[in-house]
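The values are calculated or read from the model by the stated rules, or taken from the named source; none is laboratory data. On a predicted model such as this, the values are computed, not experimentally measured, just so you know. Positions of Cβ are backbone-derived with ideal geometry, glycine not excepted, and every protein chain shown enters the neighbour counts. Note: accessible area is taken over every heavy atom of the protein model, side chains too, but ligands, DNA and RNA are not part of it. Shrake-Rupley method; radii C 1.70, N 1.55, O 1.52, S 1.80 Å.
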Amino acid sequence: MTAYFIRTAALLLALAAGGCGQHKGEVFHDQFFAFGTLVDVSLYGVEPQLAESECRKIEMDFMEMHASWHAWQPGPLATLNGRLANLEPATIEAPLLPLLKEANRLSRLSTGLFNPVIGNLIALWGFHGNALPIGTLPDRAAIRELVAQAPSVENVTIRDSIITSDNPSVAYDLGGFAKGYAIDRAIERLRESGIQNAIVNAGGDLRAIGQHGERPWRIGIRHPRETGIIASLEISGDTSVFTSGDYERFFEVEGRRYHHIIDPRTGYPADNTVSVTVIHSDAATADAAATALFVAGPAEWLSTAHNMGIRYVMLIDTHGTIHMNPAMQSRIHFEPGIDANISLSAPLQ
Ligand code: AMP
Ligand code: MG
């Protein structure tokens with residue numbers, strides 16, 4: 001839902017040969033464009049006809065989800081936001097209901113650092129649009145006013161399928177989480193069809209199940225400032241890896257970078273972090289957590305990860321220091337020549 005057109009395929013499957021509907025050895029690959037990014041589906045040991053039809057279904061699901069969850073184009077979420085702005089109750093369409101409930105739950109766990117109802121702030125910064133804003137900063141007073149209105153999921157009540165809000169500033173923007181939620185749905189669909197070994201990778205954020213034959217899946221984590229990867233990981237079983245970075249959508253004014261991850265407490269882009277990578281079982285949680293920990297920054301990521309039930313984190317701060325918990329350090333392999341200051345935290349239980 002974010003990062004239209006400029007998010008590149010950040011995290012590359014080390015084993016991916018690419019191409020549409022290709023069957024290389026035991027791995028079937030398919031790629032399509034959704035959520036403003038390239039989605040790569042890799043299926044291991046699946047008969048090509050079944051693989052092809054599963055990928056088409058996933059592609060259709062992604063298109064549908066993207067359209068109905070869009071924060072700024074007409075659709076169910078925009079309609080719901082319009083009603084909440086007038087403090088009118090709204091009926092939540094069935095597919096949106098679990099998505100909004102899960103977004104609210106994760107926001108509470110993150111103590112509001114992942115805040116899916118700051119759509120007005122995101123719009124004020126100009127990130128509601130396919131093109132990036134050039135050269136203009138939002139009015140300071142307007143930012144201050146939106147921060148003072150403090151929209152939060154605590155303002156929202158969902159009963160059955162009716163949503164109400166007591167704060168006219170509440171506007172859902174699911175850009176920090178919808179892609180993870182969509183990937184979880186894709187994995188669910190694959191499992192229902194009996195597929196055990198797969199990766200669904202959307203612009204570098206992914207969930208894997210099973211493994212690549214006898215060996216684990218190998219994935220890379222994009223370097224936040226250079227082309228190529230900074231580190232790699234081996235994953236098997238049910239694992240999601242999500243990265244939030246200040247390089248995904250940003251503009252510069254007078255040499256300063258203004259990116260798309262907003263600290264709801266200040267109304268400005270969170271300014272101590274460059275990227276955060278989170279490993280977790282489900283993709284929706286990993287996605288929300290990567291955004292929350294980005295905002296939490298070097299001082300608060302550990303407590304926020306703990307509150308959100310996250311066990312593996314790597315955060316690169318604006319000085320280039322790499323913060324990690326010990327369990328993450330034991331899983332990650334840095335590329336040769338990466339010579340960074342590493343700050344190891346207490347264990348995350
Ligand atoms: P991600 O790349 O997953 O970190 O998501 C970034 C996107 O999430 C932005 O483009 C916004 O649409 C939205 N967003 C920005 N700041 C926040 C925040 N503090 N909490 C939740 N969503 C946010
Ligand atoms: Mg996210």
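Some points to look at:
- Cα-Cα P(r), region 117-217, percent of pairs per 5 Å interval: 2, 10, 14, 13, 14, 11, 12, 10, 7, 5, 2, 0
- Point-charge dipole on Cβ atoms (K/R +1, D/E -1) for the chain, about Cα centre, debye to 20: 280
- At full extension, Thr79 and Thr266 could sit 64.6 nm farther apart than now, given 0.36 nm per residue minus the alpha carbon distance.
- Put a plus charge on the Cβ of each Lys and Arg, a minus charge on the Cβ of each Asp and Glu, and nothing anywhere else: the dipole of region 259-349 about its Cα centre is then about 200 debye.
- Looking at region 254-349, none of the chymotrypsin sites (Phe, Trp or Tyr not before Pro) sits in a DSSP loop with at most 15 other Cβ atoms within 10 Å of its own Cβ.
- Panel note: the C-alpha atoms of the chain, placed on their principal axes, show extents of 57, 46, 40 Å (largest first).
- With every protein chain in place, the chain: carbon and sulfur % of accessible area (1.4 Å): 51
- Comparing mean-square fluctuations of Ala296, Ala67, Ala283 from a GNM of the chain with C-alpha springs under 10 Å, the top value falls on Ala67.
- 1.4 Å probe accessible area per residue over region 17-131, in Å²: 42
- Interatomic Cα distance distribution for region 226-341, bins of 10 angstrom, percent: 13, 46, 33, 7, 0
- Dipole of the chain, positive direction: furthest Cα of Gln329, Leu99, Ala123, with charges on the beta-carbon: Gln329
- Remark on region 286-349: hydrodynamic radius 12.0 angstrom, per the Kirkwood mean of 1/r across alpha carbon pairs.
- Region 214-253: GluC sites (Glu not before Pro) in DSSP coil with no more than 12 other Cβ atoms inside 10 Å: Glu214, Glu226
- Projecting label points 7 angstrom from Cα along Cα→Cβ for Arg311 and Lys101 puts them 2.6 nm apart.
- Taking the inverse of the mean reciprocal distance over all distinct Cα pairs, the Kirkwood hydrodynamic radius of region 30-161 comes to 17.4 Å.
- Point-to-point label distance, Ile342-Thr111, nm (Cα→Cβ direction, 7 Å offset): 2.8
- DSSP loop trypsin sites (Lys or Arg not before Pro) with at most 13 other Cβ within 10 Å: longest gap in the chain: 1-224
- The H on the amide N of Glu335, modeled in the peptide plane, is under 5 Å from the matching H of Ala231, Ser232, each at least 5 residues off or on a different chain.
- Accessible solvent surface per residue of region 178-261, calculated while the other protein chains remain in place, 1.4 angstrom probe, Å²: 36
- Put simply, when 338-344, 284-290, 43-49 are sorted by average Cβ atoms within 10 angstrom per residue, most first, you get 284-290, 43-49, 338-344.
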